[in-house]
Amino acid sequence: MSALGNHILVEFMGCSPEIMNDVSAIERDMVGAAQKAGATVINSTFHHFNPYGVSGVVVIQESHLAIHTWPEYGYAAVDLFTCGEMDAWISFDFLKDCFQAKNYSALEMKRGSVNLLTRNDFDISTMRQKADEWVNPGMYTRNVWFTDKDENQALSLKYTGEVFHDVQSPFQRVRILESPKYGKLLTLDDMFMTTENDEFHYHEMISHPAMMAHGNVKNVLVIGGGDGGTVREILKHEGVEKVTMVEIDGEVIEACKKHLPSIAAAFDDPRLELIVGDGIEYVKQAAAGAYDLLVVDGSDPVGPAEGLFSVEFYQNCYNALNENGILIAQGESPKFNENAFAELNATLRGLFGEDKAPVSLFYVPTYPTGMWSFQYGIKGNINMKSFADQAAADAFVDAKGLRYYNTELHTASFALPNFVKDLLK
Ligand code: SAM
């Protein structure tokens, strides 16, 4: 043995950008490449970066395989480092096909030339004993991370590596993944939308405060909300007669019905009219004064949801509300996309009145910073910080077993930190 290890430095070029940006596919293929060459996989750790790119390493008993991708160039830098009898060129050929590389370069070099090394004499029995204590797990631990970030901060969730749903719809990439901590989760493009274990934070706070403050909601319009959690909560109120939900992307509804049934639990309620269409157009055509409640449960101001932050859209929402109506909008975060947060409130104050656009803050662990908001537009004289009937509200909380919302929190959520008040000024 002239060298301790063999290192192949590979440049894969002209690869499919989609594959270069798919952390699950790359993790699967890198592990597959190791196994194809007969390696024993110990651990895999892979990260997906926003807006794009994947980095990861597969630790094998014979050393490691590592990768970093630049989807925007269709390029992957791969390290195949092995020791022992393993032929890493088998892994090279496997990956070349998996990544659909149109061309490549590869440099093989011997690492640790024994001629240059001096062997240390040490009691190998102690080492061997340690080695013997090591039990090969027989299965490898996967460390695959999904990251939702902007240019300054990020939120990463470890997930199992399994991809339950992955469809590029006409509007966005719809994926269902599973996190050991948060259960199954929905991502749109590269943003966390909802998870089984913290969705109730969001869905209880987008619905119940307005329901309790108004006290007599009959007719509701929900824009977006494709996961179904918002209509599920609203339809818990027996007094509601009709909910119209307008979701632009049918793929989101189908994915959630199939993989997130605890959230998409009310789609069969007879009071629900489910429309797959653009909410911006729908509100434009809506009858004036039709709704008691208008809920904008949209995603971040990009892609199909960009228009859900426009003055024109909220003017149409204003017109569609009856004289005592309440608008609730997913309001972004004062700590993640401050501008969108502040601009939305300025729009609502401009349309509904200076003191008719209150903001409530709540916490969603799987949204970057965890601090999120709902912003209101009050058309009549309803005071969002109080209740039409507090006793009935408390009884509802107990009867429905709500896990986030309660009447103290309802009022407290409108108490804003000074930096947020300044931001809104
Ligand atoms: N809780 C999430 C958040 O805070 O980002 C939002 C959840 S919900 C899944 C957002 C939904 O809004 C998505 O299903 C998306 O397809 C939908 N949506 C985006 N733009 C829309 C539009 N113009 N009309 C109707 N639905 C829209």
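With no solvent and one equal point scatterer placed on each C-alpha of region 3-116, evaluate the Debye formula and give log10 I(q)/I(0) for q = 0.11, 0.17, 0.24 Å⁻¹, two decimals. Cα-only, vacuum Debye calculation for region 3-116: -0.32, -0.74, -1.34. Computed over protein heavy atoms with a 1.4 angstrom probe, the accessible surface ordering of PHE309, PHE164, PHE362, largest first, is PHE164, PHE309, PHE362. Between LYS284 and ASN381, what FRET efficiency comes out of the Förster formula 1/(1 + (r/R0)^6) with R0 = 30 Å and r the beta carbon distance, rounded to 0.05? Approximately 0.65, to the nearest 0.05.
For LYS335, a cut-off of 18 angstrom between C-alpha atoms picks up these lysines, skipping any fewer than 8 places away in its own chain: LYS149, LYS421, LYS425. Using the Cβ-Cβ distance between ALA77 and ALA392 with R0 set to 45 Å, the FRET efficiency works out to roughly 0.10. For a Förster distance of 60 Å, can you work out the FRET efficiency between the beta-carbons of LYS258 and LYS110, rounded to the nearest 0.05? After rounding to 0.05, the efficiency reads 0.70.
Taken along the Cα-to-beta-carbon direction at a fixed 7 Å, the label points for GLU323 and ALA346 span 3.3 nm. The angle separating the long axis of helix 23-36 from the principal Cα axis of greatest extent in the chain is about 20 degrees. With a cut-off of 9 Å between beta carbons, the residues surrounding VAL276 carry a summed charge of -2, where Lys and Arg count +1 and Asp and Glu -1. With the simple spin-label model, which puts each label point 7 Å out from Cα in the Cβ direction, the VAL167 to ASP97 separation comes to 3.0 nm. Kindly report the accessible area of the chain per residue (heavy atoms of protein chains, probe 1.4 Å, no ligands, DNA or RNA), in Å². Heavy-atom accessible area per residue stands at 44 Å². Take THR82: with every protein chain present and a 1.4 Å probe, its accessible area is about 0 Å².
TYR367 sits with roughly 20 Å² accessible to a 1.4 Å probe, with DNA, RNA and ligands left out of the calculation.
Under a Cβ-only charge scheme (Lys and Arg +1, Asp and Glu -1), can you give me the dipole magnitude of region 1-69 about the Cα centre, in debye to the nearest 20?
With only Lys, Arg, Asp and Glu charged at Cβ, the dipole is about 140 debye.
Distance between the modelled labels on ASP355 and ASP121, one decimal in nanometres: 9.0 nm (7 Å Cα→Cβ projection). Straight-line reach from LYS257: taking Cα to Cα under 25 Å and skipping same-chain neighbours fewer than 8 places apart, the lysines in range are LYS158, LYS181, LYS184, LYS236, LYS242, LYS400. Estimated at 0.36 nm per residue, the fully extended path between HIS64 and PHE419 surpasses their Cα-Cα distance by 123.0 nm. Placing a label point 7 Å from the Cα of THR160 along the Cα-to-Cβ direction, the residues of region 14-29 with a backbone N closer than 19 Å are 23-29.
Note on LYS102: lysines with a C-alpha under 22 Å away, same-chain residues under 8 apart excluded, are LYS36.
The order of TYR363, TYR376, TYR282 by accessible area, most exposed first and with a 1.4 Å probe, is TYR363, TYR282, TYR376. By the equivalent-ellipsoid construction on the alpha carbon gyration tensor, the chain comes out with semi-axes of 52, 22, 19 Å, ordered largest to smallest.
The values are calculated or read from the model by the stated rules, or taken from the named source; none is laboratory data. Note that this is a predicted model, so its numbers are computed, not measured. Here Cβ is always computed from backbone atoms with ideal geometry, including for glycine, and neighbour counts include all displayed protein chains. Heavy atoms of the whole protein, side chains included, go into the accessibility calculation; ligands, DNA and RNA do not. Shrake-Rupley method; radii C 1.70, N 1.55, O 1.52, S 1.80 Å.
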